[in-house]
Amino acid sequence: MEIKCPHCAKRNRAPAKKMGSSAHCGACGEPLLSAPIALGQAALAELIADSPIPVLVDFWAPWCGPCRTFAPTFSAAAKQFGGVMVLAKVDTEAEQQVGGQFGIRSIPTLVAFFNGKEVQRMSGALPPAELDRFARSLLGIASK
């Protein structure tokens with residue numbers, strides 16, 4: 001899958017099987033997972049199936065006010081948890097089939113995946129402390 005570096009904007013080929021703290025940009029050397037990664041249907045399917053670390057996906061849309069309000073909170077979580085968890089975003093306006101596939105009825109909706117399966121789900125624009133608890137609970141599931 002391709003990931004755009006959040007630091008220098010270069011595209012990097014990063015196999016989902018090798019996600020984690022070792023995923024760094026080939027151009028600038030900075031961590032690739034220190035910001036949310038935008039995914040389409042194929043990249044999301046690959047990441048869910050092959051990632052060795054938990055994946056937290058924010059299903060959102062550009063016209064959604066709460067989604068735009070929540071975006072900085074989700075980005076801050078990526079800086080905090082990137083490398084031990086993948087934080088990704090799926091634009092449900094552009095990727096409508098993905099929203100339908102995962103039964104997304106309201107946005108923003110966070111869906112957590114581990115070992116190819118959905119393990120948790122929460123809807124709404126979470127405050128930072130609640131997102132932190134949600135992410136830590138996902139890490140707790142992954143450590144079992």
- Pop out the ³J(HN,Hα) list for segment 15-22 in order, Karplus 6.51 cos²θ - 1.76 cosθ + 1.60 with θ = phi - 60°, rounded to Hz; leave Gly and Pro as x. x, 4, 5, 10, 5, x, 5, 8
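I need to check one value: relative contact order of segment 57-144, counting alpha carbon pairs closer than 8 Å and at least 6 residues apart, in percent.
35
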- Within segment 83-116, whose backbone N sits under 18 Å from a point 7 Å along Cα→Cβ of residue 46? 86-91, 95, 98, 115-116
- Tensor-based shape of segment 75-132 (alpha-carbon gyration tensor, a/c under 1.5 rounded, otherwise prolate or oblate): prolate
- Message: Run the helix sum for the chain: -39,500 (n - 2.57) per DSSP H stretch of 4+ residues, divided by residue count, reported at 222 nm to the nearest 500 deg cm²/dmol.
- Response: -10500 deg cm²/dmol
- Query: Given a Förster radius of 30 Å and the C-beta distance between residue 119 and residue 22 as r, what FRET efficiency does 1/(1 + (r/R0)^6) yield to the nearest 0.05?
  - Reply: 0.80
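Can you work out the FRET efficiency for the pair residue 129 and residue 13, with r the C-beta to C-beta distance and R0 = 35 Å, to the nearest 0.05? Kindly include the intermediate steps, with their values, before the conclusion.
Details: r = 36 Å, r/R0 = 1.03.
Step by step, r from the Cβ atoms, then E = 0.45.
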- Within segment 1-77, DSSP-loop trypsin sites (Lys or Arg not before Pro) with at most 14 other C-beta atoms within 10 Å are 10
- Cα-only radius of gyration and Dmax that characterise segment 33-142, units Å: 12.4, 33
- Task: Take every Cα-Cα distance within segment 1-86, group them into 5 Å bins from 0 onward, and report for each bin the whole-number percent of pairs it holds.
- Result: 3, 15, 25, 26, 20, 9, 3, 0
- Sorting 62, 36, 114 by the position of each Cα along the dipole of the chain (Lys, Arg +1; Asp, Glu -1; all at Cβ), the one nearest the positive end of that ordering is 114
- Dipole of segment 67-144, positive end: most advanced residue of 140, 129, 102 [Cβ charges, Cα centre]: 140
- Message: Quick test of the membrane-span-like rule: which DSSP H helices of the chain reach at least 15 Å along their long axis (C-alpha atoms) with mean Kyte hydropathy at least -1.0?
- Response: 65-81, 128-142
- Taking a straight Cα-to-Cα line shorter than 18 Å from residue 4, and setting aside same-chain lysines fewer than 8 residues away, one finds 17, 18, 79, 89
- Contour excess over end-to-end distance, with Cα ends at residue 2 and residue 38 and 0.36 nm allotted per residue: 12.0 nm
- Computed magnitude of the charge dipole of the chain (debye, nearest 20; Cβ of K, R +1, Cβ of D, E -1): 260
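Read-outs: derived from the displayed coordinates by stated rules, not from any lab. These numbers were taken from a predicted model, which means no experiment stands behind them. With ideal geometry, Cβ positions are generated from the backbone for all residues, glycine too; neighbour counts draw on all protein chains shown.
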